[in-house]
Amino acid sequence: MRFDTRLVQIGQEPDHGSGDVVPAIHITTTYERRMQDPLRYFYARGENPTREGLERCLASLEDARFAMVFSSGQSAAATALTLLDPGQRLISSDDVYGGTYNLFRTLGRYDIEVEFVDLTDISALDAALGYDVGMIWIETPTNPLLKVADLAAVHHCVRENGIRIVVDNTLAGPALQQPLRFGADVSLYSTTKSIAGHSDVLGGALVYDDEELHHIFSSYRAAVGNVPGALDCFLVHRGLKTLSLRTARQVSNASQIATELRGLASVGTVNYPGLVDHPQYQVAIKQMSGPGSILSFEYLGDPRELFDKLKLFSCAVSLGGVRSLIERPATMTHAPIPLATRLKLGISDNLIRLSAGIEDPADLVEDLLAAL
């Protein structure tokens, strides 16, 4: 079964009793045990049929045996970090989502050190390695500078060390990039974004093919209860069915916008992996089936005035949805990152991040160019 068919079919099999082609939403919190032989379901914090259908579909998209969904992307990320032991180091992409940066700040209380490295530079990663590194955390493309790490090269660099690789694949999504194919141990998603795709539900997921990891993650989730409800799982799974269709339109829209922005008097650097002068253009071609729906650019004016002039782009955080969004990372998604760190990375007050939706590209371009 091919990718697009899996999106629609896996975990959505017709109900054997009623014939429903859309499976029932199981909102129960507990289960009658005398009706189960053998015992399959116990309590919804641990097991739920609606949740399991979504998990089977997500796992199938990366040809993995396991996927686990959570109440948010942050919940999924926090669960992945439980693989670290006190005293270990975490090496992370230097340019990461502000929420991830905030999450990493909590690790100090567990005696876990975080070292931020430009993972597009394999020599820098090699220099940072040591016996105490327990995990490599890769965000690719990064948020908001759209840097692309070579996943196969990172895996080759650390494969002898037994270091686990977690890839935050939220910006690309499984339709454009599948990290497990390049040696990653875990693919992480905020399913709130392109997977659900309609800006109406929170969720997160981990996808992996390791039975030991499955035991660790499932035990932790059952203990702390960071599970999504059945209605949330239904909404994420409903959005997932159109992932490929939406992604194709969004990538096309983002590509056209990036091209139009280049050379404008009010625009400086444009960051988009689909542009041939992007520093990791060839890496993106190698491991991604498309350059994504997110781009960022330097605006040589007052961002507040730009936002006020836009009619079709909503000034809002998040990304990957059907509606086009625009934001200023320095004061929005990446506000938790200290000013000196942001400026060192290139996240200035004039950096604008744009998430292309599925609207008509001509309307989006006209709206943006008129405002610029």
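A short reminder: the numbers here are calculations on the coordinates, not readings from a lab. Quick caveat, the model's predicted, so the values are computed rather than measured. Please note: Cβ atoms are built from the backbone with ideal geometry, for glycine as well, and neighbour counts cover all protein chains shown.
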Residue order, fewest to most surrounding Cβ atoms within 10 angstrom, among CYS57, CYS233, CYS315: CYS315, CYS57, CYS233
Neighbour-count order for SER194, SER255, SER93, fewest beta carbons within 10 angstrom listed first: SER255, SER93, SER194
Neighbour cut-off at most 15 other Cβ (10 Å), DSSP loop, trypsin sites (Lys or Arg not before Pro), the range 9-44: ARG40
Surrounding net charge for PRO141, when Lys and Arg each add one and Asp and Glu each subtract one, Cβ distance under 14 Å: -2
Summed side-chain charge close to GLU115 - residues other than GLU115 whose Cβ falls under 11 Å, Lys, Arg +1, Asp, Glu -1: -2
Per DSSP, loop trypsin sites (Lys or Arg not before Pro) in the range 41-74 with at most 16 further Cβ within 10 Å: ARG45, ARG65
Rounded, prolate or oblate (a/c below 1.5 giving rounded, otherwise prolate when a/b exceeds b/c) for the range 3-240 by Cα gyration tensor: prolate
FRET efficiency, LYS241 to ARG65 (Cβ-Cβ, R0 22 Å, nearest 0.05): 0.50
Overall dimensions of the range 18-153 by Cα: Rg and Dmax, Å: 19.7, 60
Computed lengthening from HIS156 to THR82, 0.36 nm per intervening residue step minus Cα-Cα distance: 24.2 nm
Packing-based exposure ordering (other Cβ within 10 Å, fewest first) of ILE136, ILE112: ILE112, ILE136
Loop-resident sites, the range 85-162, for chymotrypsin sites (Phe, Trp or Tyr not before Pro), counting at most 16 other Cβ within 10 Å (DSSP): TYR131
Residue-span extension gain [SER318 to TYR131] - 0.36 nm each, minus C-alpha spacing: 63.7 nm
